[in-house]
Each structure stands twice: as structure tokens, then as C-alpha cells.
Amino acid sequence: MEVRAQRPRLVSMRVVQFHGESTALANPLQPMQLALSQDIQVGLGMSTDASQRMLAMVNVRFTAKAVPELEGVAKPEFSGLYEGKFEYPVGVQESDIVARFDTEPYQYVLVAQVVPLAMTHFSRELQAMGVDAREFPLGI
């Protein structure tokens, strides 16, 4: 059972990088299917400021590529990198959380807070570029 006093809090969510290129014509509409892939990394660290708090970081990279390729159009491709930072309460030591941090359910709780935020931004950026991304999943 998790000790509530040692639970991390999401303190920042940021877009590290977004890149997209699509030369498909906007009019008439070009039918396109996108293959979405994700790479998720979770890490544990220490803040560099005076508080010396324990941190958990979640990095999420989404990549969407057109499938199949459109004829006469450069291959549309989009990628985004997102970072969620969690802070542990003051006084929490690595030895207090490292055993739990290595378990999949513990990491899932962290990832489940970051992925929907990242996917919402990613799909909105695609829509701003003229790609219908309303059916992208918002979960993991």
C-alpha cells in the first residue's frame, strides 16, 4: 500500500518539440490514414535547486506517419516530444520510493497523467495543420 505522504505531484507539463510537414492539398480534401507510434520513458532523479527534492520524469514521443503513402505528395510525417515533471514532498529519499518506482503499476500512475495531456496537444497541432485527428486515442 502506497504511503500518501510520499506521493509525487505533477508540477509541469511541457512541449519539448513538435515537428510536422504535410504538402497534401487542402482543397480538394486528401484522404489519409495515420499510423501512430509512441515511445514512453520514465526516470527518477534529484532537483538541482536548493530544495534537493526527488523528481520523477515522464518523456513521451509521438510519431504519426501517413499510411499508405499518398501519390504525388511528400510523405506526411509528424512528431512531438513531451515532458512531465513530478515532485516528491520535501524529505522523501530515494530509498523510500525506489522499490515501488521499479514496479509497472507505480510507473503507470505517472504515465497515465502525462499521456492524455500530451496526446491532446499533439492532436490539436495536427488539426491546426489540416489533419483530422479527432479519432486519435487520448489514453495510453
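The values are calculated or read from the model by the stated rules, or taken from the named source; none is laboratory data. What you see is a predicted model; the values in this text were computed from it and never measured. Cβ coordinates were reconstructed from backbone atoms using ideal geometry, including for glycine residues, and neighbour counts include every protein chain displayed. The accessibility values were calculated without ligands, DNA or RNA, using every heavy atom of the protein model including side chains. Shrake-Rupley method; radii C 1.70, N 1.55, O 1.52, S 1.80 Å.
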*at pLDDT below 80 and farther than 18 Å from PHE18 by Cβ, is that true of PRO105?*
no
_Leading residue by the ranking (modelled with the highest pLDDT) among those in region 75-92 that are over 23 Å from MET13 (Cα atoms) and open to solvent by 60 Å² or more (accessible area, probe 1.4 Å)_ = GLU77
_Return the residues of region 11-41 that are at pLDDT 85 or above, closer than 21 Å to GLU125 by Cβ and of a type outside the set (S, T, N, Q); say none if nothing qualifies._
MET13, ARG14, VAL15, VAL16, PHE18, HIS19, GLY20, ALA35, LEU36, ASP39, ILE40
*When the residues of region 100-134 are filtered to those that are touching a helix residue (DSSP H, G or I) at 6+ places or on another chain (Cβ under 9 Å) and exposed (fewer than 15 other Cβ atoms within 10 Å of the Cβ), which remaining residue is nearest to MET46 (Cα to Cα)?*
ARG100
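Which count do you get for residues in region 81-101 that are assigned to a helix (DSSP H, G or I) and among the charged types (D, E, K, R)?
The qualifying residues number 3.
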*Failed item in (1) touching a helix residue (DSSP H, G or I) at 6+ places or on another chain (Cβ under 6 Å); (2) modelled with pLDDT of 95 or more, with LEU44 passing the rest*: (2)
_Six or more apart or on different chains, Cβ atoms under 7 Å: show the pairs whose first residue is in region 104-130 and of a type in the set (S, T, N, Q) and whose second is surrounded by fewer than 16 Cβ atoms within 10 Å (Cβ to Cβ)._
GLN113/LEU10; THR120/LEU138
_So in region 75-102, with the set limited to residues that are among the small types (Gly, Ala, Ser) and touching a residue at least 12 places away in the same chain (Cβ under 8 Å), which one is nearest to GLN52 (Cα to Cα)?_
GLY84
